[in-house]
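In what follows, a single structure is set out as structure tokens and then discussed.
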Amino acid sequence: MKASDLFIKALENEGVEYIFGVPGEENLDFLESLSNSTIELIVTRHEQGAGFMAATYGRLTGKPGVCLSTLGPGATNLVTPAAYAQLGAMPMMMITGQKPIKKSKQARFQIIDVVDMMRPLTKYTKQIVNSNVIASQIREAFRLATEERPGAVHLEFPEDIAQEDCSEELFDVVDYIMPKADSKAIDAAVKMIEEAKNPLLLIGAGANRKITCQALARFVDETGIYFFTTQMGKGVIDERHERYLGTAALSSNDFVHAAIDEADLIINVGHDVIEKPPFFMNKGGKKVIHVNFAPAEVDPVYFPQLNVVGDITSSVNLLADELKPQPHWDFSFYAKVREEVRGHLSTYFKDERFPMLPQRLVHILRENLGDKDVITLDNGIYKIWFARNYTCYQPNTLLLDNALASMGAGLPSAMAVNLLYPDRKVVAVCGDGGFMMNSQELETAVRLKLNLTVVILNDSAYGMIKWKQEDMGFRDFGLDYNNPDFVKYAQSYGAQGYRPENDADFIKILNQTLHSDGVHVIDLPVDYSLNHPILNVKLKQKTSEL
């Protein structure tokens, strides 16, 4: 059997549905083998778009998304998606081509050490030097990509190895069963929680598994303990729940931090230090129980007193089985915070000024999207408003990145969502800066006949950095630029383009795009004038009064 044929068969054996990528001449044997496969090739316009789509596929399915590039510059373009998947715990496999390694007539042309480059960004990176190990290396790569903590893996497939003859051998796909936490750790955690006066539950990205969601909902319902989430933990429990306090979109001085300051014990389920910390620990301060698949990495701002290590779902169910609500638990302050949060977050929901406030956009989208519909965010100041103000009813219905926090992922992520869930409405909310970093993928979306709406928040500047610049007392400098005509730009790719003139016009256009097939791009002027006075000034003052 030809080695490239075996490679494709091994991918089929792993259940691969799509390969996203930009092929090169070093991938031609691979492409020929792929042309006879059930796996669908999604050709993108940049390797970064392919990588973000593969990572999002992994995030939503728990199975590695697969992306492809050629050698050299194609491989270097996968560096950002590799870091995105690795830090975000998204299973993803990268396949890169390479010149012949046994004999080549092109000397060092285009050659860099891709394997060494990928080493700090992946869980596993190998060059295939013998066609007879292809199946075993693919099985090992998939095993490592999916096991907790999930992440990125990489295989380099040289041109001459792809052409070799080899024996056909595939390996069984074996499910990995995560061990349960030690009973002593469970008993210790129960004792700490029952002895606490103001316990508080933190839900992080690692808890975003279907079965874990059910276990956590049961835990909250049976104990009555209030909870908050990190940005990547949003929606694990329906955020309409009466015990939900909010999302830690800022690192300090928000309403949820007032509740954190009141807590004497944080039960941290699924959060680790890779996602931006929702609070900072201090010696002699509140205690923390770390419930996760792996022990906590000790960090100057995070050093929990107890590790409950093992399958998270099992751990949460065991805690719920053993815990008994205590009469000395005092949740009165949390109830007060919840009322303050509900009033504060909806303050500008009805404000119809134009250009539009991001808070107003959050409200309009929530009103027009169903429980299962999905918003994907690029990275910018609007991410904070969505994390704080958008109410998620189900897991993975607001996809954002708070680990690498890369710009350019919003549109490719939305495309992957629509491929996986064609029956759901999908909206990508992108800043004008982030959108332009991978805007060429509009052509891919149109070619694939995807159905999605892209809302571009247009302020002709890097708004997140402007907000930080103002907070630090610096002059407004170095962050402005000009944009293309986004309506004509969308139309040039075969998409529909719109530019609303007022609040009512935007609502009308949004409703039209959500109920129409095709790719729709809305150029929405945004008003960020309240970023600094609310997020930097008023919140600090308001929370100090609680």
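The values are calculated or read from the model by the stated rules, or taken from the named source; none is laboratory data. The structure displayed is predicted, hence computed values, not measured ones. A quick note on method: Cβ atoms are made from the backbone with ideal geometry, for glycine too, and the neighbour counts reach across all protein chains shown.
When D476 is tested against the conditions (1) touching a residue at least 60 places away in the same chain (Cβ under 8 Å); (2) over 18 Å from G408 (Cβ atoms), the lone failure is (1).
Out of region 249-263, which residues are part of a helix (DSSP H, G or I), farther than 19 Å from K234 by Cβ and touching a residue at least 24 places away in the same chain (Cβ under 8 Å)? Once the filter is applied, which keeps residues that are part of a helix (DSSP H, G or I), farther than 19 Å from K234 by Cβ and touching a residue at least 24 places away in the same chain (Cβ under 8 Å), region 249-263 yields A258, E262.
Applying the selection to region 225-248, what residues are among the charged types (D, E, K, R) and either under 21 Å from the mean Cα position of the chain (by Cα) or closer than 10 Å to T391 by Cα (or both)?
K234, D238, E239, R240
Looking only at residues of region 402-415 that are assigned to a loop (DSSP other than H, G, I, E, B) and touching a helix residue (DSSP H, G or I) at 6+ places or on another chain (Cβ under 6 Å), we find that the one that is surrounded by the fewest Cβ atoms within 10 Å (Cβ to Cβ) is L404.
Restricting region 479-498 to residues that are touching a residue at least 24 places away in the same chain (Cβ under 8 Å) and not in a loop (DSSP other than H, G, I, E, B) leaves a set whose member that is farthest from I42 (Cα to Cα) is Y498. The condition of being over 16 Å from the mean Cα position of the chain (by Cα) and at negative phi holds for only one of D371, D401, that being D371. Hey, can you tell me all the residues within region 416-431 that are buried (at least 24 other Cβ atoms within 10 Å of the Cβ) and under 17 Å from G65 (Cα atoms)? Passing the criteria: A416, V417.
Here L546 clears all of (1) assigned by TED's automatic domain parsing to the domain that holds I381; (2) in contact (Cβ under 8 Å) with a residue 40 or more places away in the chain except the condition numbered (1). Within region 499-512, the only residue that satisfies the criterion of being assigned to a loop (DSSP other than H, G, I, E, B) and closer than 20 Å to A445 by Cβ is R499.
Here the condition is being modelled with pLDDT of 95 or more, crowded, with 21+ Cβ neighbours inside 10 Å and within 17 Å of the chain's Cα centre (by Cα); of A145, A196, it holds for A145 alone. Scan region 90-118 for residues that are modelled with pLDDT of 95 or more, farther than 24 Å from L34 by Cα and surrounded by fewer than 24 Cβ atoms within 10 Å (Cβ to Cβ) and the total you get is 2. Residues that are closer than 22 Å to A181 by Cβ, out of contact with any strand residue (DSSP E or B) (no Cβ under 9 Å at 6 or more places or on another chain) and either outside the structural domain of N208 (by TED's automatic domain parsing) or charged (D, E, K, R) (or both) within region 272-293 comprise just one, E275. Screening A296 with (1) loosely packed, with under 15 Cβ neighbours inside 10 Å; (2) in contact with a strand residue (DSSP E or B) (Cβ under 6 Å, 6 or more places away or on another chain) gives one miss only, at (1). Taking D272 as the residue in question, decide whether it is within 16 Å of V288 (Cβ to Cβ) and either basic (K, R) or not in a loop (DSSP other than H, G, I, E, B) (or both). Against the criterion (within 16 Å of V288 (Cβ to Cβ) and either basic (K, R) or not in a loop (DSSP other than H, G, I, E, B) (or both)), D272 does not qualify.
Report yes if K468 is assigned to a loop (DSSP other than H, G, I, E, B) and surrounded by fewer than 21 Cβ atoms within 10 Å (Cβ to Cβ), otherwise no. Lay out the reasoning, then the answer.
Working: assigned to a loop (DSSP other than H, G, I, E, B): no; surrounded by fewer than 21 Cβ atoms within 10 Å (Cβ to Cβ): yes.
Criteria not met by K468.
M118 satisfies every condition listed in (1) touching a strand residue (DSSP E or B) at 6+ places or on another chain (Cβ under 6 Å); (2) closer than 23 Å to S315 by Cβ; (3) part of a helix (DSSP H, G or I) except (2).
Can you pull out the residues in region 246-301 that are β-branched (V, I, T), within 20 Å of A405 (Cβ to Cβ) and touching a helix residue (DSSP H, G or I) at 6+ places or on another chain (Cβ under 8 Å)? Within region 246-301, T247, V256, I274 meet the criteria. Do we have any residue at all in region 149-167 that's in contact (Cβ under 8 Å) with a residue 24 or more places away in the chain, hydroxyl-bearing (S, T, Y) and not in a loop (DSSP other than H, G, I, E, B)? No, region 149-167 contains no residue that is in contact (Cβ under 8 Å) with a residue 24 or more places away in the chain, hydroxyl-bearing (S, T, Y) and not in a loop (DSSP other than H, G, I, E, B).
Among strands (runs of 3 or more DSSP E) entirely within region 36-100, having at least 1 residues that are hydrophobic (A, V, I, L, M, F, W, C) and free of Cβ contacts under 8 Å to residues at least 40 places away in the same chain singles out 40-43. Evaluated against (1) within 27 Å of N418 (Cα to Cα); (2) of a type outside the set (D, E); (3) modelled with pLDDT under 95, V487 falls short on exactly one condition, (3).
Here the condition is being farther than 30 Å from D523 by Cα, at pLDDT 95 or above and among the hydrophobic types (A, V, I, L, M, F, W, C); of V308, V362, V301, V341, it holds for V308 alone.
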